[in-house]
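Here's the structure we're looking at; comments come further down.
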Amino acid sequence: MGPHADSGGGGVARLLLAIAALSLLGLLLGLSPPGSGAETVQVDPVIWQFDRDYPGAEGNDGALPVHTVYVKTHDGTDWMSTYDQHPRAVSGPDAVRSLIQVYGGQGIQVAAWFVPAGLDIEAQVRMAEQVIDAGVTALYADLEPFRGFCAQDCQFLADNLWTRVRAERPQARLGVIYDPRAHTWQASATSKWLAQADVALPMCYWDTFAGQGAWGDPGDCVLQAKADLSILAAGKSLEFVPMLQGDSTPERFRTALDATLATGSAHASVWRRGVVSRAVWDLIAGYTALATSPPAPGWELAWGDVDCDGAVTIGDAQKAARFVIDLPVHQASPCPSIGAPVEVAGEAVFWADVGCDGHVGIGDAQKLARALVQLSVTQTEGCPQIGATVRIAEPGAATPSPTATPFAEPTSTATPFAEATPTATPFGEASPTATAAGGGVH
């Protein structure tokens, strides 16, 4: 049908996108509240190869905020000394025990990770169990359905390798490092791997996944990956430890830490030690959740940008919805807290009351979701359109009324967005890119 046939296929498609967006809100409303008093996130660096990850920005681990390192021990049936020429590279269980002693002398624990690959089940089970028995705190499988990883054998390895390791080492702490994008789930057999795990470690590589919806945003990637666990591991309680992109800016890394804390997790990991800049290390060392405060008078941003990150996204709708049902919402300073009084265009309103009706309700979250998929949004006269630039300030003597709105009767207008920007998961497919986790090499 033509471009003007809004009541036909195009209208139905947009309605389905709106339903998908609102369904995503429901997924994220199930996020656990942060742990009691949690104000910071422990970030553990991943070591791929010692000769590639040392010295990095700082060769001395004691000078960095490091509590645990994730060391790669083997790839398929090869110990990492096959590829890594560093004297500390893992050549077998004795080398693992030596690493535990060396790092332990600095107060640092050692977790291990490996790439399952190939069809030699007995050898891979034996190696995994040798690593566990050497005394590591955890063993994580790097699950990726690409060449150089488990490729077309991911499901076979889940059924024959991972279930064996779990059965034969029932007390071991097992985890899965995985690509969180929906188009990889089936080929990776992600749910089967997570079914035997204690820890979920989704790879949130926002710069690598740029242009792929939520995955290209450091905060949205973390939140989306957490929400998707209700699909990938339904009914199973897993520790959530997102693996964050190390070769990024401090500002974007902080956004990912804020989102991690908002999910209720106080732990994250970073890929990888050798690419983290000194500026990002300094951020990690000094990171704490900042209390929010009103922005300076005259601050401009888009109406509906609830988290003040410079754009109206599904994350803003999610935050509004969480607030409505009394789940915690983390706002980065100086963004106002949701429900806080602010002044917009000379009128006192509550922050996130995008409909200007005197209170923050589920209708505000719904309006944001509708706007993002190009469905019409009804605003009261004088209430800014979603996406319009507004100037906000601290409230003066007047405060917003929770029962009456200062704006006139509603008018219906089309959303100002030119294109719909629905999230990719779990309702659509993102275009695949090569993962940064292993880089397609050992």
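All of the numbers you see were taken from the coordinates with simple rules; none came from a lab. Predicted model, so just to flag it, every value in this text is computed and none were measured. A quick note on method: Cβ atoms are made from the backbone with ideal geometry, for glycine too, and the neighbour counts reach across all protein chains shown.
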| Out of the DSSP beta bridges found with both residues in region 26-286, what percent are antiparallel (nearest 5)? | 5
| Centre separation in Å (Cα based) which lies between region 100-126 and region 322-389 | 48
| request: Beyond 26 Å between alpha-carbons counts as too far, so tell me which of LYS192/LYS319; LYS236/LYS367; LYS192/LYS367; LYS226/LYS319 fall in that bin. | output: LYS192/LYS319; LYS236/LYS367; LYS192/LYS367
| note | Here the gain from full extension of ASN60 to VAL102, 0.36 nm per residue of separation minus their alpha-carbon distance, amounts to 13.9 nm
| Extension gain, ASP78 back to ARG278 (0.36 nm per residue minus Cα-Cα distance, nm) | 68.7 nm
| task | Return the sequence-ordered ³J(HN,Hα) values of region 275-288 in whole Hz as given by the Karplus equation 6.51 cos²θ - 1.76 cosθ + 1.60 applied to θ = phi - 60°, using x for Gly and Pro. | result | 10, 6, 6, 4, 5, 6, 4, 5, 4, 4, 5, x, 5, 9
| Distance (nanometres) between label positions extended 7 Å along Cα→Cβ at ALA348 and ASP207 | 4.6
| query | Say each of GLU239 and ARG169 gets a label point 7 Å from the Cα, pointing the same way as Cα to Cβ; how far apart are those two points in nm? | reply | 1.5
| message | On a full-extension model of 0.36 nm per residue, what is the gain between ASP198 and GLU300, subtracting their alpha-carbon distance, rounded to one decimal in nm? | response | 32.3 nm
| field | Phi to ³J(HN,Hα) by Karplus 6.51 cos²θ - 1.76 cosθ + 1.60 over region 137-143, Hz, x for Gly, Pro | value | 6, 6, 10, 10, 9, 8, 9
